[in-house]
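Q: Below you'll find the structure I mean.
Here, each number is a calculation from the coordinates, and none is a lab measurement. All of these numbers come straight from a predicted model, not from anything done at the bench. Cβ placement follows ideal geometry from the backbone for every residue including glycine, while neighbour counts extend to all protein chains displayed.
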Ligand code: TMP
């Protein structure tokens with residue numbers, strides 16, 4: 001039986017990587033094989049693209065950073081490698097894949113944030129990854145001020161090229177994520193990410209159990 005593909009989505013500082021880890025531990029305790037991974041990245045090729053995309057001291061410092069279209073193509077290229085080399089093989093052998101960000105981040109950031117058409121981003125995904133979608137997408141939501149406090153604590157002001165964009169960009173990203181979740185309730189669980197990680201984990205587990213059953 002193929003495994004399940006679970007993705008965590010949301011803005012910066014909402015706790016996606018902590019919740020990915022806690023969910024993977026819970027699934028392993030049930031005897032399942034679980035692969036945890038992230039985007040952009042997850043394979044050597046995709047990690048190389050990640051370094052180019054998020055480097056804020058390279059080209060971006062001199063005002064020569066990627067435009068929105070080049071950025072969308074690079075995210076799609078990284079995803080293509082990740083899907084082909086890691087995600088599809090893991091699912092095919094029956095493992096669960098728990099991934100920190102995926103396609104909906106491209107739709108929210110390069111689409112909602114940077115203004116590209118959603119249909120174009122979906123076309124890139126069809127070309128790059130044959131349109132593979134998660135079985136279940138957990139959207140973590142948090143008050144922006146609390147998320148900013150968590151990011152400050154975690155990164156001490158060292159935000160990457162995209163994380164460091166203006167508040168109105170991140171507000172458009174958050175609004176786009178909410179729209180996607182409303183449009184596809186059978187694929188999305190929207191989970192409040194306030195409170196202790198263990199409390200959020202209990203909500204996540206209940207949602208994944210009902211969406212991925
Ligand atoms: P991370 O900091 O959560 O690892 O994500 C890296 C940054 O890349 C984050 O600011 C979100 C952004 N991003 C996109 O803009 N588009 C995408 O498709 C993905 C996967 C991430």
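Q: Which whole-number value in Å³ per residue fits the convex hull of the alpha carbons of region 5-211?
A: On the way: hull volume 23.8 nm³, N = 207.
Expressed per residue, the convex hull around the Cα atoms of region 5-211 is 115 Å³.
Q: For the pair residue 1 and residue 154, what calculated FRET efficiency results from E = 1/(1 + (r/R0)^6), where r is the Cβ-Cβ distance and R0 = 35 Å, to the nearest 0.05?
A: Details: r = 37 Å, r/R0 = 1.06.
Calculated value: 0.40.
Q: Sort 52-58, 19-25 by the packing proxy (mean of other Cβ within 10 Å over each peptide's residues), most packed first. Display every interim value, and only then the final one.
A: Values: 52-58: 14.7, 19-25: 19.0.
Result, highest mean Cβ count within 10 Å first: 19-25, 52-58.
Q: Show me 104-116, 170-182 ranked by packing, highest mean number of other Cβ atoms within 10 Å first. List each step's numbers first, then the result.
A: Working: 104-116: 22.9, 170-182: 18.4.
Descending packing order for the listed peptides: 104-116, 170-182.
Q: Report, as a whole number in µm² per second, the diffusion coefficient that Stokes-Einstein gives for region 132-213 at 20 °C and 1.002 mPa s using the Kirkwood radius over alpha carbon pairs. Spell out each step's value before the answer.
A: Details: Rh = 14.2 Å.
Translational diffusion coefficient: 151 µm²/s.
Q: Which ordering of 152, 47, 39, 198 is given by a fewest-first count of other beta-carbon atoms within 10 Å? Walk me through the numbers on the way to the answer.
A: Numbers: 152 12, 47 15, 39 21, 198 9.
With the fewest neighbours first, 152, 47, 39, 198 line up as 198, 152, 47, 39.
Q: Another question, then. For 202, 138, what's the fewest-to-most ordering of other Cβ within 10 Å of each Cβ? Each step should come with its number before you reach the end.
A: Values: 202 13, 138 27.
Fewest to most other Cβ atoms nearby, the residues stand as 202, 138.
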